[in-house]
1. Just to check your reading of the model, which residue among B:Val77, B:Val65 is more than 14 Å from chain A (Cβ to nearest Cβ) and without any contact (Cβ under 8 Å) to a residue 40 or more places away in the chain?
2. Which of the residues that make up region A:191-215 are within 55 Å of the chain's Cα centre (by Cα), surrounded by 14 or more Cβ atoms within 10 Å (Cβ to Cβ) and either facing chain B (nearest Cβ under 9 Å) or under 27 Å from B:Glu17 (Cα atoms) (or both)?
3. One residue is enough: does region A:244-251 have a residue meeting the conditions within 29 Å of B:Ala223 (Cα to Cα), assigned to a helix (DSSP H, G or I), over 49 Å from the mean Cα position of the chain (by Cα) and hydrophobic (A, V, I, L, M, F, W, C)?
4. Sort through B:Phe242, B:Phe215, B:Phe264 and tell me the only one that's away from chain A (no Cβ under 14 Å), assigned to a helix (DSSP H, G or I) and not β-branched (Val, Ile, Thr).
5. Do any residues in region A:254-282 that are within 13 Å of another protein chain (Cβ to nearest Cβ) and closer than 16 Å to B:Phe205 by Cα have Cβ atoms under 6 Å from those of residues that are of a type in the set (Lys, Arg) and assigned to a helix (DSSP H, G or I), where the two are at least six apart or on different chains, and which pairs are they?
6. Residues B:Gly155, B:Gly129: which one is in contact with a Phe, Trp or Tyr (Cβ under 7 Å, 6 or more places away or on another chain) and either closer than 17 Å to B:Pro260 by Cα or assigned to a helix (DSSP H, G or I) (or both)?
7. Of the residues that make up region B:90-99, is at least one farther than 30 Å from B:Phe242 by Cα and either in contact with a His (Cβ under 9 Å, 6 or more places away or on another chain) or outside any loop (DSSP other than H, G, I, E, B) (or both)?
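The values are calculated or read from the model by the stated rules, or taken from the named source; none is laboratory data. All values reported here derive from a predicted model rather than from experimental measurement. We place every Cβ from the backbone using ideal geometry, glycine too, and count neighbours over all the protein chains shown.
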Amino acid sequence: MNQGKGHEAMYGSLLEAWMKTADEFWKSTALPGPSSSDTYGMPEGFQKKTDNKFQESFESTMKMWSTMSSVLREPKAMDAVTKGAAAVPEIITRTIGSVWEGYFRIQQQIMEKLGRIGEDTEAFKFDKLDENIFRVCADIYEKELSPFFKVPQLGLTRFYQERLDDTLDKYHTFQISFAEFLRLLYLPIEKSVKVLQQKLEELTKEGRLPENSQDYYRMWIKILEGHYMTLFKSPEYAETLSETLNTFEDYLSARDQILQDSLQSVPVPTTREMDELYREIYHLKKKVRKLEKDQSKD
Amino acid sequence: MEQPKIPVDTILRHLAEDAEKVQDRVQKASDILLGQLDTSIASTPYEIVYEEDRVKLKHYAPTSVGRDGVTTPLVVVYALINRETMLDLQPGRSVVDSFQKAGVDLYMIDWGYPTRKDKFLTIDDHVNGYMDNVIDFIRQHTGFEKINLMGICMGGSFCVMYAALHPEKIKNLITTVCPTNFDTDQGLLHIWMRNIDADRMIDAFGNMPGDMMNFGFLLLNPARLMIDKYVGFLENMDNKTFVENFIRMEKWIFDSPDVPGETFRQFVKDCYQKNLLIKSRMKLGGKRVNLKKITMPVLNIYGQYDHLVPPGAAEVLTSKVGSTDTEDVCLDTGHIGIYVSGKTQKEFVPKIVKWLGEREKNSTAPKTGIKDKKPVPKKAPQRARPSRTAGPKPKR
């Protein structure tokens, strides 16, 4: 408590000395300067007008600072300022504290999100990793990474930034779907080779191994075709194909939005503008043709 | 001495022989591929008699008087997927040439290459717009009140729609590999199309890219279409005729115009997903496509091994139309084989010409008055060169 009062007295004497100096400085500065020597050679009317305007503005600013300094030198005002100054360290500490707390909270959230990646992977189990890996990736991406691209943007460029984020998001989603689609397409090749090996083992045991190399190829291609037919009829394939197409189309639409933004800054019509024009031409042509037909009937 | 279970020596001998053969084949193939090759397609001369936007009407005049006496003009409507050049792929195996030799006055719609400006065109614009204008033009140009209409694949579906909406203009309807019943699990395409989000697709692409559709078709049988086909090419690349015909087919198959967005959207949703056409519930331009209005004779041809339009998708039509004169013909081939295989070449066109000839006897003579009407063409008829020897026109 005594220490606090000591601080206040110290701030008070320092402030009083600074205020006194400031008051004298503003008063001396506010005094009129040398008259119009800088504007020598200018037309008389303009010279006078310019001098007056500048000087008036300067003097009024200086007077305002001088008044403020004088007011602050009043004992009551000095007292209030001194008390406020004593509270500054506390305010700074609280501000820094809240900033750090917010930062740590965000960091904690990110760590939690990253931590959940492991939890999600566990849910699908790694014993069927080759089958589930793309689904796991898609799930992790959707739950933990995609939200970062959906954070609302601020400011003048918010719409452009959001469209860019959206494109990146859609691109990653498409890549995951496409990778799964390719994996499905590769499965029959892998399986057909295994089946061919088994078949060859059987033929070897029976001593009926084909003598012609083309027979091996024909055997393999027949097995491969059968595997593809089985795959293509499966609901899983239809679902993956549909998902791949959907994500690809979403990505293209998002990408086109960015292209529209880019094209707007160059002197060429955008696709959207051209489409509007095409639509108008289409309807006009239809109208003209109908009129032509009606006229020829008459 | 006991014979070994596995004839290793024979296998090794065959391998050595194969290696020698491959060496020899590569040498010959190199001479063939570096030499002059005739890989032109659609080489039969024709005349463009009508043009509207990207759409052209090709006219192939008969080269002889046919025995079957078919005088009524025949209009062929191809699908919007791939091009009508398939009907004139190679000399000796040309549907167009066979029709000309049979004395048929043949017209064929070339849908051209849709661009982004065509994305708003619907099925209605194709059927009640372009097709109707083309058919009116032929009717006025030739003086026939009714003409014969033949559709291929999706073009067949368009012809069915047209015949139901304008029966007064069609004398006979021929549908070939034409999907009308989409509620079948026989073809993978039908299964996949049910899961396609057509709205999202068209919103993203504008028009349906031809290359993407081609990729989808390849995926229907990747073992055969992406591996075995090219292994077959490698095995026969020392045969010049084989190489020429193989490249002709490659040229045709990868010459895929985009499909106008709104047309694709409607075809997938109304046909593949809701199966409205065969139920007579599909609407074009506000008018219902009632199959019972198809009262003219109908010949329906399809392939037993067609993986794109399986028999289940094609054969139902004749039982749903209003006509009492219908015939189904199932040929022992696939989707493209109907038009290009040597075997079906001997069956396909002769069957159609004979069938038309039998119905020609009841034909009404051309009404001379119609011919005097103001002609429709936007451009004067012009002699066209045999087209597309230099590959497909850039799409965009």
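1. Details: B:Val77 fails: without any contact (Cβ under 8 Å) to a residue 40 or more places away in the chain.
When all the criteria are applied, what remains is B:Val65.
2. Within region A:191-215, the first condition is being within 55 Å of the chain's Cα centre (by Cα), and the residues that meet it are A:191-198.
Right, trim to surrounded by 14 or more Cβ atoms within 10 Å (Cβ to Cβ) and you get A:191-192, A:195-196.
Selection gives A:Ser192, A:Leu196.
3. So the first thing to find is which residues in region A:244-251 are within 29 Å of B:Ala223 (Cα to Cα), and the list is A:244-249.
Those left that are additionally assigned to a helix (DSSP H, G or I): A:244-249.
Keeping just the survivors that are over 49 Å from the mean Cα position of the chain (by Cα) gives none.
Scanning region A:244-251 turns up no residue that is within 29 Å of B:Ala223 (Cα to Cα), assigned to a helix (DSSP H, G or I), over 49 Å from the mean Cα position of the chain (by Cα) and hydrophobic (A, V, I, L, M, F, W, C).
4. Numbers: B:Phe215 fails: away from chain A (no Cβ under 14 Å); B:Phe264 fails: away from chain A (no Cβ under 14 Å).
Testing whether each residue is away from chain A (no Cβ under 14 Å), assigned to a helix (DSSP H, G or I) and not β-branched (Val, Ile, Thr) leaves just B:Phe242.
5. Every condition considered, the pairs that remain are A:Ala254/A:Lys170; A:Gln257/A:Arg163; A:Tyr278/B:Lys117.
6. Values: B:Gly129 fails: in contact with a Phe, Trp or Tyr (Cβ under 7 Å, 6 or more places away or on another chain).
Within the list B:Gly155, B:Gly129, the selection yields B:Gly155.
7. First, pick out the residues of region B:90-99 that are farther than 30 Å from B:Phe242 by Cα: none.
Within region B:90-99, none of the residues are farther than 30 Å from B:Phe242 by Cα and either in contact with a His (Cβ under 9 Å, 6 or more places away or on another chain) or outside any loop (DSSP other than H, G, I, E, B) (or both).
Results for (1) more than 23 Å from B:Lys354 (Cα to Cα); (2) modelled with pLDDT of 95 or more, shown as yes or no for each residue.
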site: B:Leu33; (1), (2): yes, no
site: B:Ser40; (1), (2): yes, no
site: B:Ile48; (1), (2): yes, yes
site: B:Thr71; (1), (2): no, no
